[in-house]
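Comments concern the structure below.
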Amino acid sequence: MIPFLDLKKLNEKHYHSISETLEQVLKSGWYIMGDSLNRFEREFADFCGTKYCVGVANGLDALSLIVKAYDIGEGDEVLVPSNTYIASILAISANSATPVLIEPKLSTYNIDPSEIEKHITSRTKAIMVVHLYGQSCEMDEINAIAKKHKLKVIEDCAQAHGAIYNGKKVGNLGDVAGFSFYPGKNLGALGDGGAITTNDEQLYLKLMAYRNYGSHKKYENIYKGVNSRLDEIQAAVLSVKLAFLDSENEHRRQIAKYYLENISNEKIILPSVEVDEQHVWHVFVVRTAERDRLQKYLLDNKIQTIIHYPIPPHKQQAFKEWNHLSYEISEKIHNEILSLPISPVMGIEEVRKVVEVINRYE
Ligand SMILES: *Cc1c(COP(=O)(O)O)cnc(C)c1O
């Protein structure tokens, strides 16, 4: 079987440096908010090109703390793509604000800038863009709209660590950004983890307090904060793996390039990418009319695939109030997409096999 993603193999590549760093944390006797976190925050801010980074417990918290720190709440609206992972939307609804769904482009699966302005009202406070599947959104267009209407731009970078748009990394393309270090992401921890990056000092200071009970100084609480910290073990592991992120993304790019150049089945629509460095291929998503049949065929041929995602947010039970609505592009995408195996530990023989099997599909 060619696995969709072999996490064990992926982390075994770093076995010795991870073991060493885990032992250091163990022996340090300090497990929350210590040197490993400070170090990782500095390194990740430098990596993204931002002034600040705040480690938090997971990607959902990163996004939801951002919304909270902007005081976006009841009666406020935040624009968000209609085909994103549910977490982007929950980060808005968790703060009692209203998510307003925007259709994506069928070609890139990212938010369609030309759809944004018609949904802006006097209640709109921010645009949450999602660099879906690893590809940066069209940020020049989006930032221009945000500037014109005085909206904040929040980036959901959970799938795009290291992607570059016009010479700048994602995480440094809007006002503030949220990252996830869930184990399967391009930069993954050995458990949950997340981070926020920004150049805004006031926002940074607020977030540093928010994630730690609203406190800068032990037992003095200036905000009604939460407990959402990135622990020392995860921060230390992330420091080890961050050093390899660019080369691992490059490996993903090579696989994507091979797929793009060699899959030649007219039933399969390949992903479209304008600028190479804009995409870090968190997943390689193809589209086809009879998706379930293709998935079964690949499984019969020992190739594991995943659907990102089978049910659009507005059709989820959790959002009953949207179930009657129709977002045609989003629905079409959810019905037709399939993610092929791609990862930093996938070998060329496996990639060739996937291509050969797909090209035989009729
Ligand atoms: C994974 C993901 C999140 C949430 O991250 P967690 O760490 O699992 O909370 C948010 N947005 C997108 C687009 C994601 O893929």
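The values are calculated or read from the model by the stated rules, or taken from the named source; none is laboratory data. Being a predicted model, the structure only gives us computed values, none of them experimental. Backbone-built Cβ (ideal geometry, glycine too); neighbour counts: all protein chains shown. Calculation scope for accessible area: heavy atoms of the full protein, side chains included, ligands and nucleic acids excluded. Shrake-Rupley method; radii C 1.70, N 1.55, O 1.52, S 1.80 Å.
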Whole-number Å³ per residue for the convex hull built on Cα positions in the range 121-261: 142 Å³
Under a Cβ-only charge scheme (Lys and Arg +1, Asp and Glu -1), can you give me the dipole magnitude of the range 90-186 about the Cα centre, in debye to the nearest 20? 300 debye
For the range 53-144, what is the per residue volume of the convex hull drawn over the alpha-carbon atoms, in cubic angstrom? 105 Å³
Gap in Å between the Cα centre of the range 242-285 and the Cα centre of the range 44-82? 27 Å
Rolling a 1.4 angstrom probe over the protein heavy atoms, how many square angstrom per residue are accessible across the chain? 45 Å²
Expressed in nm to one decimal, what extension gain is obtained for the pair Asp300 and Ser93 from 0.36 nm per residue of sequence separation less their Cα-Cα distance? 70.5 nm
Below 8 Å, C-alpha to C-alpha, sequence gap of six or more: please give me the relative contact order for the range 134-229 in percent. 17 percent
Rounded to a whole number, what % of the accessible area of the chain do carbon and sulfur atoms account for, probe 1.4 Å? 51 percent
Rounded to the nearest 500 deg cm²/dmol, what is the calculated helix-only ellipticity per residue at 222 nm for the chain, with -39500 (n - 2.57) per DSSP H run of length n ≥ 4? -11500 deg cm²/dmol
Specify the residue with the greatest mean-square fluctuation among Ser82, Ser28, Ser180, computed from a Gaussian network of the chain linking alpha-carbon atoms under 10 Å apart. Ser28
Ellipsoid equivalent to the chain - semi-axes via the Cα gyration tensor, in Å: 32, 27, 17
For Leu205 and Asp292, compute 0.36 nm times the residue count separating them, minus their Cα-Cα distance, and round to one decimal in nm. 26.5 nm
Suppose we keep just the DSSP beta bridges with both residues in the chain; what percent of those would be antiparallel, to 5? 60 percent
Under a Gaussian network model of the chain whose springs join Cα atoms within less than 10 Å, the largest fluctuation of Ala45, Ala144, Ala256 belongs to Ala144
Contact order relative to length for the chain, counting C-alpha pairs under 8 Å separated by 6 or more residues, stands in percent at 22 percent
When the chain is modelled as a GNM with alpha-carbon springs shorter than 10 Å, which of Lys241, Lys150, Lys320 fluctuates the most? Lys320
Cross-link pairs Lys185/Lys353; Lys51/Lys206; Lys152/Lys224; Lys185/Lys257; Lys152/Lys257 - those with Cα-Cα distance over 26 Å: Lys152/Lys257
Under a Cβ-only charge scheme (Lys and Arg +1, Asp and Glu -1), can you give me the dipole magnitude of the range 163-223 about the Cα centre, in debye to the nearest 20? 120 debye
With point charges of +1 on the Cβ of Lys and Arg and -1 on the Cβ of Asp and Glu, referenced to the Cα centre of the chain, which listed residue (Leu90, Tyr165, Tyr31) lies farthest in the positive direction of the dipole? Tyr31
Residue separation between Ile307 and Tyr223 times 0.36 nm, minus their alpha-carbon distance, gives in nm 26.2 nm
Treating only Lys and Arg (+1) and Asp and Glu (-1) as charged, each at its beta carbon, one finds that the range 1-154 has a dipole about its Cα centre, in Debye to the nearest 20, of 160 debye
Starting from the 7 Å offset along Cα-to-Cβ, what nm value, one decimal, do you get for the label separation of Glu277 and His216? 3.6 nm
